[in-house]
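These notes are about the structure you will find just below.
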Amino acid sequence: MEGGGFVPASKVNIYEGRVTAFVICTCLIAASGGLLFGYDLGISGGVTSMEPFLKKFFPSVLEQQSKASQTENQYCKFDSQLLTLFTSSLYLAALVASFFASIVTRIFGRKISMLAGGVAFLIGSILNGVAMNIGVLIFGRLLLGVGVGFANQSVPVYLSEMAPASIRGALNIGFQMAITIGILAAGLINYGTAKIEGGWGWRLSLVLAVVPAVVMTTGSYLLPDTPNSILERGQPEKARQMLQKVRGTQHVDAEFQDLLDATEAAKKVDHPWTNILQPRYRPQLVLCILIPFFQQLTGINVVMFYAPVLFKTLGFGDDASLMSAVISGIVNVLATMVSIYSVNKFGRRVLFLEGGAQMFIFQIAIGTMIAVRFGVNGDGELSRWDANILLLFICAYVAAFAWSWGPLGWLVPSEICPLEIRSAGQGINVAVNMIFTFIIGQVFLSMLCHMKFGLFFFFAGFVVIMTVFVYYFLPETNNVPIEEINQVWKQHWFWGKYIPDEALIGLSRSDEGRDT
């Protein structure tokens, strides 16, 4: 049985055009939407490890820490459903918002959806910074979730539609790069604000989320919309002019015709959410569900939004836990740069498979080390040498995720759907991602308390499953124009039976060109 599937270069149209400064600039501005998601991922774990923040909103957690220190059970220091609700409520709001965002993205365009996300995140950031009670704090988190839902829905689609096929992977990963920069910036800010006398540093950490919100809001206001989106709204001449500007050439007839064909097909679909359930879209539906599902069950959010809490739980001091989160954040950024360089050079499948193998190895190593040092009862401590080795293992795991499942989890779903179901496909991708981000965020601390070191073996088992799935069921989409992606599915050993011949936009013109 073959693994994956590949389409010969002769089977797809190679459009004219070049990589223009215009498209690079627009994609970089759009990718800044990832700052919202990344900053929040990094900031929430930091403030929930700060004593003044816990004293203000979660005093029961401080009492629990005191009891845990007396019993020396390191696993259960932070086990609080109310505390995890602070973190995970954002992702529940993002889940709901993603469904509305898919409608806005389709009807009004990607640009408006990004703008709405930036405004919601801006208001939520201010509320979080000035919150005096848990109700305002959670409401602010919900608005942040609306911002994340809209941004995560629209930005990857925008990037995939604007970028030339030859560098679509690298430009789309700009979104994940912005996420990692946001996480790192949050870690550095938490490290600094934790040292502010008077115990109000956590407010500064939360309110500084207005910075990425302003960047996103301003940037999306200035951005042009994509040719695909302009065509969807019935403006073909404007769409052609934008395509010529994006590609840096007047000779865009072949690509524009494919966009027109895709738009005509999309107009026949009144309800993309119902349409995506048809057999012809089975591969896209399955991938848009399983890729975000697997992405969250790598266990990455155990490290990302609970990094300081995790390190503190494992015996790192207050400063050491925050600094360790910064170190893992730096590794995250650097490894994402590796993905930007290699995704178009080696393709998506190679990164998925290598990243899966590396994550499995180091999750087993982390779980084994914690088992040896803390046992089943959570009774033990880490020496300085042990702590450094554990941090090294965690960084190796983070690096593997950052050049594989991190960026590709957003890239692949955004590039595999034809226009008529693209908004629905990305809506499903964001929704599933947020569902499992919420679940992991809500139950992680409780799982750590009850499953102990076995939690890392639990996630390692899922990494094996997802790596096998990628090998057999994910075709290579590198360097394939986004409107001709169905040809990849048609050539696949398993998915090909679902794709009718009439779904292959552009194939007939490609064949005619070769015949002449």
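Considering (1) closer than 30 Å to W273 by Cα; (2) not in a helix (DSSP H, G or I), the lone condition that M132 does not fulfil carries the number (1).
From I340, I330, I370, I361, grab the single residue that is more than 22 Å from the chain's Cα centre (by Cα) and modelled with pLDDT of 85 or more.
Values: I340 fails: more than 22 Å from the chain's Cα centre (by Cα); I330 fails: more than 22 Å from the chain's Cα centre (by Cα); I370 fails: modelled with pLDDT of 85 or more.
Step by step, each of I340, I330, I370, I361 is checked, and only I361 is more than 22 Å from the chain's Cα centre (by Cα) and modelled with pLDDT of 85 or more.
Looking only at region 440-458, decide whether some residue is open to solvent by 30 Å² or more (accessible area, probe 1.4 Å) and at pLDDT 90 or above. The answer is yes; a qualifying residue exists. In summary, I230 fulfils each of the numbered conditions (1) modelled with pLDDT under 85; (2) among the aliphatic types (A, V, I, L, M); (3) closer than 25 Å to N429 by Cβ with the single exception of condition (1).
Scanning region 345-382 for residues that are of a type in the set (A, V, I, L, M), closer than 11 Å to F453 by Cα and in a helix (DSSP H, G or I), which turns out most open to solvent (accessible area, probe 1.4 Å)? Quick ask: steps written out before the conclusion?
The first filter runs over region 345-382 and keeps only residues of a type in the set (A, V, I, L, M), leaving 350-351, 353, 357, 359, 361, 364-366, 369-372, 376, 382.
Keeping just the survivors that are closer than 11 Å to F453 by Cα gives 364-366, 369-372, 376.
Filter once more, so that each one left must be in a helix (DSSP H, G or I): 364-366, 369-372.
Details: I364: 57, A365: 24, I366: 5, M369: 27, I370: 4, A371: 27, V372: 99 Å².
So the residue we want is V372.
Do the conditions hold for A170, that is, is it hydrophobic (A, V, I, L, M, F, W, C), open to solvent by less than 30 Å² (accessible area, probe 1.4 Å), farther than 18 Å from I330 by Cα and out of contact with any Gly (no Cβ under 6 Å at 6 or more places or on another chain)?
Numbers: hydrophobic (A, V, I, L, M, F, W, C): yes; open to solvent by less than 30 Å² (accessible area, probe 1.4 Å): yes; farther than 18 Å from I330 by Cα: yes; out of contact with any Gly (no Cβ under 6 Å at 6 or more places or on another chain): yes.
Yes, satisfied.
Among the residues making up region 207-223, those that are open to solvent by 10 Å² or more (accessible area, probe 1.4 Å) and either under 17 Å from L137 (Cβ atoms) or of a type in the set (S, T, Y) (or both) are V207, L208, V210, T217, T218, Y221.
When you look at W385, is it touching a residue at least 40 places away in the same chain (Cβ under 8 Å) and open to solvent by 20 Å² or more (accessible area, probe 1.4 Å), yes or no? Give the derivation first.
On the way: touching a residue at least 40 places away in the same chain (Cβ under 8 Å): no; open to solvent by 20 Å² or more (accessible area, probe 1.4 Å): yes.
The answer is no for W385.
Can you pull out every residue in region 271-291 that is open to solvent by 30 Å² or more (accessible area, probe 1.4 Å) and either part of a helix (DSSP H, G or I) or touching a residue at least 60 places away in the same chain (Cβ under 8 Å) (or both)? Within region 271-291, W273, T274, P279, R280, R282, V286, I289, L290 meet the criteria.
The values are calculated or read from the model by the stated rules, or taken from the named source; none is laboratory data. If you're wondering where the values come from, they're calculated on a predicted model, not measured in any experiment. As a convention, Cβ positions derive from the backbone with ideal geometry for all residues, glycine included, and neighbour counts pool all protein chains shown. The area values use the complete protein model at the heavy-atom level, side chains included, leaving out ligands, DNA and RNA. Shrake-Rupley method; radii C 1.70, N 1.55, O 1.52, S 1.80 Å.
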